[in-house]
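The values are calculated or read from the model by the stated rules, or taken from the named source; none is laboratory data. This is a predicted model, so every value here is computed, not measured. As a convention, Cβ positions derive from the backbone with ideal geometry for all residues, glycine included, and neighbour counts pool all protein chains shown. Protein only, heavy atoms only, side chains kept; ligands, DNA and RNA dropped before computing areas. Shrake-Rupley method; radii C 1.70, N 1.55, O 1.52, S 1.80 Å.
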Amino acid sequence: MDHPVVPVKTYLTIFGALMVLTALTVWVAFIDFGHGLLNDTVAMSIAVLKALLVLVIFMHLKYSAKILWLIAGSSVIWMIIMIGLTLTDYRSREWIESQAHRAIPWASNPPIEQAAPAADDGHH
Amino acid sequence: MSSAPDTSATAMPKNYLNEKITVSSWLLTLDHKRIAILYLVSLLAFFLIGGLAALVFRVELMTPEADVLRSETYNKFFTTHGIVMIFFFLIPSIPAVLGNFLVPVMIGARDFAFPKINLASWYVFMFGGVLALIATIAGGVETGWTFYTPYSTMYANSNVILAVCGAFIAGFSSIMTGLNFIVTIHKMRAPGLTWFRLPLFIWAMYATALVILLGTPVVAITLVMIFVERAFGFGIFDPALGGDPILFQHLFWFYSHPAVYIMILPAMGVVSELISCFSKRRLYGYRVIVFSSLAIAVIGFFVWGHHMFVSSQSTFAGLTFSFLTFFVAVPTALKMLNWIMTLHKGSVSLASPMLYAFGFLGLFVIGGLTGLFLSTLATDIHLHDTYFVVAHFHYVMVGGGVMGFLGGLHFWWPKITGRMYPEGLAIFAAIVIFIGFNLTFFPQFQLGVHGMPRRYHVYPEEFQVLHIASSTGAMVLGFGYLIMGAYLIWSLKFGKIAGKNPWNARGLEWETDSPPPTHNFHETPVVRHPVYAYEYASETSNEPDVQSEKGHV
């Protein structure tokens, strides 16, 4: 194969960077950013950065043909499909729940308990 | 069947089977054809184990009471059947046996790009298989092949970890095979063999390999999650620890629904080859079939939530997945129409491989259309977890996957072994298998519609007649497989010499010797014609002295 020889120093630098980022992840986990989502975002961003370093340097993507970028990219797209469609479930569970307790928008909207007591029983 | 090669070395010129016949030359071989034989023998052993487990619980189901098996034992039997048949037979069946044998030969290569990875894949597969068998022998697993949480992580008192490890390890074997397919098809095609001259079997293998590479890592990670939750109490799926059991179903079906296409796409590839050869026509709509294979591979990843309509998945997600599921029927229907159009005005002959192809067409249509009942949200509420589902996926996996595998095995058997099997018996066995299959699974549609739940062995008496029909069918089916096994083994030694091209087919695999020499071709083939060039006379190897398909109508 026609890969250029990567100097050992590069590998050691990247290894060092990965270790520092790991330490950073642990340190950040103890800080409360006030909003749970923000903590997750920070942790995931560091993880993505680490994964990129491994892919591009350790796995030689930097020195590879474009088709290997395509293949690596497609796995990212597949991960987005997996997480995205899974979230259609988790993010929408409350929608239906809250709709059950609301009047149907296009009907004249009396409070649901009085409008349809028999149908409402099923929700409790 | 033993892995001993053809003994009559004098009758055959030097080939991959008789070049070296020591045990180590088989167990350490890097020849993709020998690795295919190793897979064939081991997969047939797994098929036998899975089939016997099914026969035992079909006997139990002949009466409404529990008289042969206790409840827990019954659960263990159907779990064994499921795990063995899915992970250790259906998923590897066509790719690891026929694909391993044929991909390099069909594209005019000497071997795969990574022969050592190919051999390693077999050892990894066997290691996984042995672990799963140990789990069965050491007391069994009763979770069903899907390992649903929280049962598998919290309640099941059985060898779940061992079985999960087996499935996990077997997954790596799939990944190795898939990787080999993709690289080999990209880099090692013979001169002149452009992408759109590739046989559809190769395209099917390519699409399958994509699904394997993109999906299998997910199920591997999911099974590891079961392991760490069960062994170390990490909270992933257990609500008490902050987890969610439905997350398991999402992750599991993200792989396991596309896994259905890992089983069915290769069978579709085989059927394309069979229909073209036994209609003596270029396939109608070649490119449509190519792109529909790729479309199935992609769309297959968007539909997994239809397994979870009655779980606590949100109704909105249920609607989305139901809607998306209908799309997968489109490329499948396109293939079906193109196959039928190929038959139309073709010169159709009913040799035994073609009977399996016809079996596939009929049974897979039933399997596919009943899938639409299940992907419709409202009807699924009624049919979910009933025998209707059992019948549906057996029509797809056995009627589609196994029929494709057997058709392919019969079609390429002369190429693999150099010998013909007795055609009359083969036709008889194909018909017995077809009848047995339908007798087994058609009554299950009715059972399901009338409300018989799956995975129960005690049931109301009104269901008994249909259960007896189904059990009888299972025995007929088993008998059909036995006949087939017997004449195939017989043919290894006593079958007529096949010659290069017994079916007068087109494709590079028919231009080399049967069985092929160790490096597949005596000189690198050059492709000058489009694929399935039945309009041209066969250039090389249509020898009139060998059995032709015309005699068997």
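Remark: segment B:423-432, residue by residue, has Karplus-estimated 3J(HN,Hα) of 5, x, 5, 5, 5, 4, 5, 4, 5, 4 Hz, where x stands for each Gly or Pro and the curve is 6.51 cos²θ - 1.76 cosθ + 1.60 at θ = phi - 60°. Using a probe of 1.4 angstrom and keeping all protein chains present, the accessible surface of segment B:34-510 works out to 33 square angstrom per residue. Taking amide H atoms as placed 1.01 Å from N in the peptide plane, the amide H of residue B:419 lies under 5 Å from those of B:498, each 5 or more residues away in sequence or on another chain. Phi angles of segment B:77-90 translate, via the Karplus equation with coefficients 6.51, -1.76, 1.60 and θ = phi - 60°, into HN-Hα couplings of 5, 6, 5, 4, 4, x, 4, 5, 5, 6, 7, 10, 10, 5 Hz per residue; Gly and Pro are given as x. Rounded to whole numbers, the Karplus 3J(HN,Hα) couplings from phi for segment B:222-235 are 5, 5, 5, 4, 4, 4, 6, 6, 6, 7, 10, x, 5, x Hz, using 6.51 cos²θ - 1.76 cosθ + 1.60 with θ = phi - 60°, and x at Gly and Pro. Based on protein heavy atoms only, segment A:1-65 ends up with 73 Å² per residue of surface accessible to a 1.4 Å probe.
Once divided by 2.2 N^0.38 Å, the Cα radius of gyration of chain B becomes 0.94.
Averaged over the residues of B:309-317, the number of partner chain Cβ atoms lying within 10 Å of the residue Cβ comes to 5.
In this Cβ point-charge picture (+1 for Lys and Arg, -1 for Asp and Glu), chain B has a dipole of about 1340 debye about its Cα centre. Helical runs (DSSP H, four residues minimum) scored at -39500 (n - 2.57) apiece and divided by the length of chain B put the mean residue ellipticity at 222 nm at -21000 deg cm²/dmol.
Remark: accessible area buried at the A-B interface is about 1600 Å², both chains counted, probe radius 1.4 Å.
Computed packing ranks the peptides B:275-282, A:56-63 as B:275-282, A:56-63, most packed first, by mean other Cβ atoms within 10 Å. In this Cβ point-charge picture (+1 for Lys and Arg, -1 for Asp and Glu), segment B:422-539 has a dipole of about 220 debye about its Cα centre. The calculated FRET efficiency for the pair residue B:22 and residue B:350, based on their C-beta separation and a Förster distance of 56 Å, comes to about 0.85.
Which is farthest toward the positive dipole end of the protein assembly as shown among A:41, B:510, B:422, measuring Cα position about the Cα centre, with Cβ charges +1 (Lys, Arg) and -1 (Asp, Glu)? Of the candidates, B:510 comes out farthest on the positive side.
Using C-alpha pairs below 8 Å separated by at least 6 residues, the relative contact order for chain B is 18 percent. Overall, the protein assembly as shown carries a charge dipole of about 2200 debye about its Cα centre when +1 sits on the Cβ of Lys and Arg and -1 on the Cβ of Asp and Glu, all other atoms neutral. Angle, helix B:315-343 long axis vs. longest principal axis of chain B, Cα atoms, 0 to 90°, nearest 10? In chain B, helix B:315-343 runs at an angle near 20 degrees to the longest axis. What a 1.4 Å probe finds exposed on segment B:281-344 is 78% carbon and sulfur by accessible area, rounded to a whole percent. Simple rule: put +1 on each Lys or Arg Cβ and -1 on each Asp or Glu Cβ in the protein assembly as shown, find the dipole, and look at B:323, B:492, B:69; the Cα lying farthest toward the positive end is B:492. The amide H of residue B:386, built 1.01 Å from its N in the peptide plane, has B:454 as neighbours under 5 Å, considering only residues 5 or more places off or on other chains.
Taking Cβ atoms as reference points and 15 Å as the exclusive limit, the residues near residue B:338 contribute a net charge of +4, counting Lys and Arg as +1 and Asp and Glu as -1. Size of segment B:443-499 from its Cα atoms: along the principal axes, largest to smallest, the extents are 55, 17, 17 Å. Take B:248-255, B:446-453, B:99-106 and order them by the average number of nearby Cβ atoms within 10 Å per residue, most first; the result is B:99-106, B:248-255, B:446-453.
Projecting the Cα atoms of B:97, B:85, B:389 onto the dipole axis of chain B, where Lys and Arg carry +1 and Asp and Glu carry -1 at the beta carbon, places B:97 farthest toward the positive end.
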